[in-house]
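S.K.: The following block contains the structure, expressed as C-alpha cells.
The values are calculated or read from the model by the stated rules, or taken from the named source; none is laboratory data. Nothing here was measured: the structure is a model prediction, and the numbers come from that model. Note that we place each Cβ from the backbone using ideal geometry, even for glycine, and neighbour counts take in every protein chain shown. Only protein heavy atoms, including side chains, enter the accessible area calculation; ligands, DNA and RNA are left aside. Shrake-Rupley method; radii C 1.70, N 1.55, O 1.52, S 1.80 Å.
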Amino acid sequence: NCFAFPWVVQLLERLMALDGEHLAPVLSVTYVADQIAAINFGMRSGEVLHPWFPAYNVEFGQFSPGTLHWVATMKDAEAMGVRRIDLVSGGETYKQRLMNGSIRVLQGVIDPRPTVAVARRAWQRTREYVRSTPVYSRVRGPVRMLHNVKSWLELR
C-alpha cells in the first residue's frame, strides 16, 4: 500500500492543488448507485492524460468496471482537452483492447563498470530467454508477487 507512506500522501495532496495548462491533476470516478465502481488519479500534461492510480471495486468485477471507466473517460477526454491517453507499457488485456495505437519506447542503461555491464547483459538475456518459454506464463503471477514484495521491502 503505497499510500501508507506519508510522503506519498503529501506529494499527491500537493499535486491535487496544481491547476496549470501544462500540468494538472485528473481524478475520475465511476459510480454504481452510491458506490465507487472504478477510479483513477492521474496527471494531464497538455493534451495527454497519464493514469497513475487506476483501480476498480472487485465487488463489481464481473461487469469490468475498470474497462467501463476507461471507455467513459475516453468519451469525456475531448471535453477535458485530452487528445491522447498514455496507458504506459504493459501487456494487460484492457490496454490491448482499448488502444488504437502505440508508440515504441526504449529504455537502457549505460554503466562504465565493465563487470557490472556484463552481469546486467547476462541477466537481461536470461530474463528474455525465460520469458520466451512456455513455463513463463505459469510462473508470471508468483514472480510478479515476489517482485512486489521485494519492492515493498526496499521502501521500508
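S.K.: Is there a residue being among the hydrophobic types (A, V, I, L, M, F, W, C) and assigned to a helix (DSSP H, G or I) anywhere in the stretch 30-48?
M.R.: no
S.K.: So how many residues does the stretch 16-28 have that are surrounded by 12 or more Cβ atoms within 10 Å (Cβ to Cβ), closer than 21 Å to Asn57 by Cα and of a type outside the set (S, T, N, Q)?
M.R.: Going through the stretch 16-28 one residue at a time, the tally reaches 1.
S.K.: Let me ask something additional. Find the residue count for the stretch 49-67, including only residues that are in a strand (DSSP E or B) and open to solvent by 30 Å² or more (accessible area, probe 1.4 Å).
M.R.: The qualifying residues number 6.
S.K.: Here's something else I'd like to know. Go through (1) in a helix (DSSP H, G or I); (2) closer than 30 Å to Glu47 by Cβ for Ala119 and report which single condition fails.
M.R.: Going through (1) in a helix (DSSP H, G or I); (2) closer than 30 Å to Glu47 by Cβ one by one, Ala119 breaks only (2).
S.K.: I've got another one for you. Go through (1) outside any strand (DSSP E or B); (2) open to solvent by less than 50 Å² (accessible area, probe 1.4 Å); (3) of a type outside the set (Phe, Trp, Tyr) one by one and return the number of the condition Glu13 breaks.
M.R.: With (1) outside any strand (DSSP E or B); (2) open to solvent by less than 50 Å² (accessible area, probe 1.4 Å); (3) of a type outside the set (Phe, Trp, Tyr) applied to Glu13, the lone miss is (2).
S.K.: With the condition kept exactly as written, say whether any residue in the stretch 129-136 is part of a helix (DSSP H, G or I), open to solvent by 100 Å² or more (accessible area, probe 1.4 Å) and at pLDDT below 85.
M.R.: Applying the first criterion (part of a helix (DSSP H, G or I)) to the stretch 129-136 yields 129-131, 136.
Of the ones still in play, those that are also open to solvent by 100 Å² or more (accessible area, probe 1.4 Å) are 129, 131.
From what is left, the residues that are at pLDDT below 85 are 131.
Within the stretch 129-136, one or more residues are part of a helix (DSSP H, G or I), open to solvent by 100 Å² or more (accessible area, probe 1.4 Å) and at pLDDT below 85.
S.K.: When you scan the stretch 84-100, do you find a residue that is part of a helix (DSSP H, G or I), open to solvent by less than 90 Å² (accessible area, probe 1.4 Å), among the charged types (D, E, K, R) and without any contact (Cβ under 8 Å) to a residue 24 or more places away in the chain, even just one?
M.R.: Yes, there is a match, as at least one residue in the stretch 84-100 is part of a helix (DSSP H, G or I), open to solvent by less than 90 Å² (accessible area, probe 1.4 Å), among the charged types (D, E, K, R) and without any contact (Cβ under 8 Å) to a residue 24 or more places away in the chain.
S.K.: Here is a follow-up. For Asp34, work out the one condition from (1) modelled with pLDDT under 90; (2) closer than 29 Å to Asn1 by Cα; (3) loosely packed, with under 10 Cβ neighbours inside 10 Å; (4) not small (Gly, Ala, Ser) it doesn't fulfil.
M.R.: With respect to (1) modelled with pLDDT under 90; (2) closer than 29 Å to Asn1 by Cα; (3) loosely packed, with under 10 Cβ neighbours inside 10 Å; (4) not small (Gly, Ala, Ser), Asp34 is out only on (1).
S.K.: Can you pull out every residue in the stretch 16-28 that is part of a strand (DSSP E or B) and in contact (Cβ under 8 Å) with a residue 24 or more places away in the chain?
M.R.: The initial filter retains those residues of the stretch 16-28 that are part of a strand (DSSP E or B), namely 24-28.
Residues satisfying the conditions are Val26, Ser28.
S.K.: In this structure, does Val105 turn out to be modelled with pLDDT under 90 and open to solvent by 90 Å² or more (accessible area, probe 1.4 Å)?
M.R.: Considered against the rule, which asks whether it is modelled with pLDDT under 90 and open to solvent by 90 Å² or more (accessible area, probe 1.4 Å), Val105 comes out as yes.
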